[in-house]
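The values are calculated or read from the model by the stated rules, or taken from the named source; none is laboratory data. No experiment lies behind these values; they were computed from the predicted model shown. Don't worry about glycine lacking a Cβ; one is built from the backbone with ideal geometry, like all the others, and counts go over all protein chains shown.
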Amino acid sequence: MTAERIRAISLPADHPYVRAIADPTVVEILPAPGDESSGADAVVEQFLIEAWDEDQAADADLVHVHFGFELVPLSALERFVAALDRLGLPLVLTVHDLENPQLPEHAQDGFVRRLEVLLRHAVRVITLTEGARAEIIRRWSREVIVVPHPPLRTDVAEAVVASTQPPGASVANRPSSAGAPVAARQPFAAQRPFTAHRPLTAGILLKDARPSLDLAAIAALAQTLESEPFRADDWRLTVIRRPTVRAGREAEVAELERLLDRSETADVEVWASMSDRELEDWLARLDVLVLPYRHGTHSGLLDLANDLGTRVLYAEVGHLGDQRPGTNLGVDFHDDDSLRAGLYAIAEAPPLPPLSREDGLRLLAEVRDVHTRLYRSVTARPSKTPTTTPATPSPADTAGAR
């Protein structure tokens, strides 16, 4: 293996984010060795070290974990990290979530216990915002590298771009999208009259109603858009869902849909599937994307909407407000004044210019450069030779890096 090429086992391997962060001229992304399963079981099976082909694993330089571990039995995850130590494979962890949006609130403690297993063994920890970094340091005393979400817009994500950034370039303080920021939310009584001269379009991607989506917040938004002082032609709300929803949420979704069917300002569209380009076309046509979450940490959808020139009205959970400071607006969907004031503020905000293809390629190259340099720092460690017993990471290994 040449020194120039890095072979990284990525869990998962086939994901837009994973493809975006890896410079294909330098980094080869590998799936879990020996894992040929597909479907729902594949998410768990990629972490089952007993199913790995260890000869194939020995050809890799590192393992990078992103998603899916929330579904893995805790004991299996402990065996997984112990085997990585035995094989001499450094673990890199990107913390996308501190509260998992795919799990109900009662299952978050189990998610955190699994996250802690990975945090204890990772030699490098990455997250997407300064707010999440501060929380990880406070809760687990791990140092963390901040690398913002890479551009995932189709015309950028499909480009094969090698980094041209000089060594040491930092993207930890990625600027907000160009254009004037949205005004700070003021008390509702202080707002000037609504000046929009056409119906503004708001959209919610309900999909299959995953546990993090607050259906009561969607109902509150629809009712607010039909109440004084808004007029019937001020806003149009579109909710897109899939033909089937998560088990246990069918009655809630049916009740919400009955409410929206009675609304003069809301529509429900059922999509069996939506391609990346269809999603981007829909987002780009909106005046505001609405994220009515009841728990969560970050949102790739928020970044994508901003890159397409669409602002976001989000529930004040997690670290959504740290992703693009000044570009979007957080509200309490269950407080009438907060919600009305947020709608006014975001309606009166100046247009948000889309991210240019050139700027997107530059940001993508920067993100890739940071990951390449991080991978090289990890593979330069004298830990590639497998050991006969699980190794205990030294303080230097577990301290992480800025």
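Things worth noting here:
- Any chance ARG246 is buried (at least 16 other Cβ atoms within 10 Å of the Cβ), touching a strand residue (DSSP E or B) at 6+ places or on another chain (Cβ under 6 Å) and more than 15 Å from ALA219 (Cβ to Cβ): no
- Residue match in region 259-267 (condition: modelled with pLDDT of 95 or more, under 30 Å from GLU135 (Cβ atoms) and crowded, with 17+ Cβ neighbours inside 10 Å): no
- Hits in region 118-129 (condition: hydrophobic (A, V, I, L, M, F, W, C) and closer than 14 Å to SER141 by Cα): LEU118, LEU119, ALA122, VAL123, VAL125, ILE126
- Selected residue (criterion: modelled with the lowest pLDDT) from residues of region 125-177 that are assigned to a helix (DSSP H, G or I) and of a type in the set (A, V, I, L, M, F, W, C): ALA157
- Boolean, ALA347 is part of a helix (DSSP H, G or I) and without any contact (Cβ under 8 Å) to a residue 24 or more places away in the chain: no
Listed here are the residues, each with its yes/no results for (1) without any contact (Cβ under 8 Å) to a residue 12 or more places away in the chain; (2) surrounded by fewer than 23 Cβ atoms within 10 Å (Cβ to Cβ).
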site: ASP109; (1), (2): yes, yes
site: ARG113; (1), (2): no, yes
site: LEU118; (1), (2): no, yes
site: LEU128; (1), (2): no, no
site: ALA134; (1), (2): yes, yes
site: TRP140; (1), (2): no, yes
site: GLU143; (1), (2): no, yes
site: PRO150; (1), (2): no, no
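- You will find that of ALA76, ALA60, the residue that is touching a residue at least 12 places away in the same chain (Cβ under 8 Å), over 26 Å from ARG19 (Cβ atoms) and over 21 Å from the mean Cα position of the chain (by Cα) is ALA76 and no other.
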